[in-house]
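A short write-up of the structure that comes next.
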Amino acid sequence: MDTLRPDRLGCYGHPNARTPFWDRLARRGTQFRTALASAPFTVPSHATILTGEYPFRHRVRRNETQRFDPPGATLAEALADRGRRTAAFVASVVLDESTGLDRGFDHYEWRTRPEQLERPADDVVRSALRWVEALTPPDSWFLFVHVYDPHDPYDPPRPWDRAYPGEAYDGEIAFTDHALDDLRRGLEAAGRMEGAMIVAVADHGEAFGEHEETGHGFFVYDTTLRVPLVLTGGAFDGGGARDDVARTIDLFPTIAEAFGFSADSPGRSLQHPDEKETESYGETFYAALTYDRVAELRSLRAGRWKYVHAPREELYDVVADPGETKNLVAEEPVKAAEVRDRLLAMLDDDLARPAGLAGTEEIDPKRVEELRALGYAAGGRRAATDLPRLRDPKDLVGIPDLLDRAEALAEDGRWGDARPLVDRVLVKDPYNPKAIRLLARRHFMRGEAEEGFSVYEHTLERYPEAAKVWRGYASELRRRGRREEAEEALRRAEGLEGGTLP
Ligand SMILES: [Zn+2]
């Protein structure tokens with residue numbers, strides 16, 4: 001279930017929840033009070049669920065289309081190799097087959113009509129049920145169902161829009177839970193649940209103002225990394241609620257053990273309660289990939305301590321302070337250093353890659369030479385100590401929300417209302433590529449091309465290292481037929497993104 005905070009479910013303590021599917025599973029099976037995703041957004045987190053690997057191994061760092069090509073077998077491949085029929089029914093274009101996440105599935109379906117970008121949960125469930133019903137016994141099967149409704153915008157269908165006045169997010173969860181309960185009932189009615197194992201989990205949570213964050217993706221706090229997790233079937237029936245920490249990297253090895261094989265994953269099978277301190281890694285590259293000269297965020301939770309690697313480091317005692325409100329890095333420098341060292345050792349060479357190249361893309365050595373020949377200091381490997389020279393996402397929080405609102409207003413032609421929001425963004429981030437584009441677009445739309453270009457030129461004069469502004473400038477130049485200048489601007493962007501910090 002996409003975008004689901006555990007605390008909105010009855011089984012995790014929400015007093016007014018209407019979540020019978022989750023609550024019944026929790027009563028019957030094993031519920032993990034603390035379960036953690038490895039990234040607070042959809043595609044990287046799903047890549048972890050389906051590979052049992054952290055993002056620095058499967059290399060999926062963003063939602064936008066990229067090559068997903070992990071070296072090992074995916075969960076679906078491992079199960080297909082052992083004779084299972086496999087199918088995935090996903091609810092959003094964000095998980096379409098261009099992500100590569102369809103690897104190993106006999107059937108991978110994300111829409112039923114060409115114009116669809118997302119599907120409601122009841123529609124996904126109907127397709128999934130039809131697929132299982134069409135199998136011939138004694139076929140065994142692996143069904144992956146992804147439902148997306150709780151994702152923003154919160155707009156529950158009737159009657160769930162009235163169930164929680166002012167809390168449309170809860171209405172979406174109630175609607176989605178109801179659809180999943182229909183799936184369970186349908187499978188039972190078809191006689192397909194005998195000996196079945198169910199794993200119910202989310203890809204990430206959702207923030208509603210915690211740490212000034214809304215939505216998900218910007219930070220690596222538990223607000224968005226914590227997910228609900230309940231398992232039923234076999235050893236998990238009657239397991240009750242458990243306090244040892246589970247991670248989404250554990251799902252592959254857990255399913256593997258239940259079906260009699262072992263998985264090559266850093267995770268552990270959840271059949272056995274963990275006696276020692278489970279470590280859990282989380283990361284987000286959202287701000288680093290969206291804005292210029294911003295650091296990636298990586299975190300490691302070890303026992304009661306959670307360390308966040310950022311230009312201004314953070315350390316929290318997640319037992320005493322589950323809201324991660326009191327940064328103890330100055331009070332507990334030894335503890336902070338200890339967890340930091342473990343995190344850096346775990347990351348190995350991943351930290352040396354500049355954010356823009358931290359995904360599946362490798363730096364082509366020939367390209368580096370070409371850029372050097374043109375005078376760009378490209379291709380440098382970054383040292384871990386360079387991080388303080390980048391900006392901290394904490395200083396840019398709130399920008400995505402301001403930009404969303406400004407863009408919506410500008411689209412409605414309400415430029416007068418949009419402008420103050422753009423100005424607020426530029427106070428926080430004077431070379432914000434989206435804010436600059438909004439300012440320039442305003443001129444281009446009025447036919448004032450020179451004024452539009454000068455918005456870029458003034459910004460780049462002051463901030464020549466703003467690679468994404470160069471990129472925006474290049475596309476506006478190209479759009480207006482100034483090809484050579486566009487090429488040059490693009491080379492500047494690529495040179496800066498190639499790695500060496502100014
Ligand atoms: Zn998601």
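Okay, here's what the table says:
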read-out	value
All positions within region 74-99 that are more than 16 Å from the ligand (Cβ to nearest atom), farther than 15 Å from ALA263 by Cβ, modelled with pLDDT of 90 or more and small (Gly, Ala, Ser)	GLY83, ALA87
Unmet requirement for GLN31, which otherwise passes all of (1) open to solvent by less than 30 Å² (accessible area, probe 1.4 Å); (2) polar (S, T, N, Q); (3) within 16 Å of the ligand (Cβ to nearest atom)	(3)
Residue match in region 84-102 (condition: crowded, with 19+ Cβ neighbours inside 10 Å and of a type in the set (Asp, Glu))	yes
Filter pass, GLU494 being without any contact (Cβ under 8 Å) to a residue 40 or more places away in the chain and surrounded by fewer than 21 Cβ atoms within 10 Å (Cβ to Cβ)	no
So THR19, is it open to solvent by less than 30 Å² (accessible area, probe 1.4 Å), closer than 28 Å to GLU167 by Cβ and away from the ligand (no atom under 16 Å from the Cβ)	yes
Single condition PHE144 does not satisfy, out of (1) within 16 Å of the ligand (Cβ to nearest atom); (2) part of a loop (DSSP other than H, G, I, E, B)	(2)
Selection from region 120-141 of residues that are assigned to a loop (DSSP other than H, G, I, E, B) and at pLDDT 95 or above	PRO120
Among (1) surrounded by 15 or more Cβ atoms within 10 Å (Cβ to Cβ); (2) within 15 Å of the ligand (Cβ to nearest atom), the one test that PRO153 misses	(1)
Odd one out for ASP69 among (1) in a loop (DSSP other than H, G, I, E, B); (2) open to solvent by less than 60 Å² (accessible area, probe 1.4 Å); (3) under 30 Å from ALA345 (Cβ atoms)	(2)
Matching entry among THR232, THR224, THR214 (being under 28 Å from SER127 (Cα atoms), of a type in the set (Ser, Thr, Tyr) and either touching a residue at least 60 places away in the same chain (Cβ under 8 Å) or within 16 Å of the ligand (Cβ to nearest atom) (or both))	THR232
Candidate set: region 192-211, residues that are small (Gly, Ala, Ser) and in contact (Cβ under 8 Å) with a residue 40 or more places away in the chain; chosen: the one nearest to the ligand (Cβ to nearest atom)	ALA202
Residue list for region 1-16, restricted to those being within 16 Å of the ligand (Cβ to nearest atom) and of a type in the set (A, V, I, L, M, F, W, C)	MET1, LEU4
Qualifying positions in region 72-82 - part of a loop (DSSP other than H, G, I, E, B) and crowded, with 19+ Cβ neighbours inside 10 Å	THR74
Members of region 110-132 found to be in contact (Cβ under 8 Å) with a residue 60 or more places away in the chain and surrounded by fewer than 17 Cβ atoms within 10 Å (Cβ to Cβ), listed by number	none
Subset tally (residues that are assigned to a loop (DSSP other than H, G, I, E, B), closer than 17 Å to PHE175 by Cβ and not hydroxyl-bearing (Ser, Thr, Tyr)) for region 1-58	9
Hits in region 101-150 (condition: in contact with a strand residue (DSSP E or B) (Cβ under 8 Å, 6 or more places away or on another chain) and of a type in the set (S, T, N, Q))	SER127, SER140
Per-region count, region 51-66, residues hydrophobic (A, V, I, L, M, F, W, C), within 16 Å of the ligand (Cβ to nearest atom) and surrounded by fewer than 24 Cβ atoms within 10 Å (Cβ to Cβ)	0
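The values are calculated or read from the model by the stated rules, or taken from the named source; none is laboratory data. Everything quoted here is computed from the prediction, not taken from an experiment. Cβ: placed from backbone, ideal geometry, glycine included. Neighbour counts: every protein chain shown. With ligands, DNA and RNA removed, areas are computed over all heavy atoms of the protein, side chains included. Shrake-Rupley method; radii C 1.70, N 1.55, O 1.52, S 1.80 Å.
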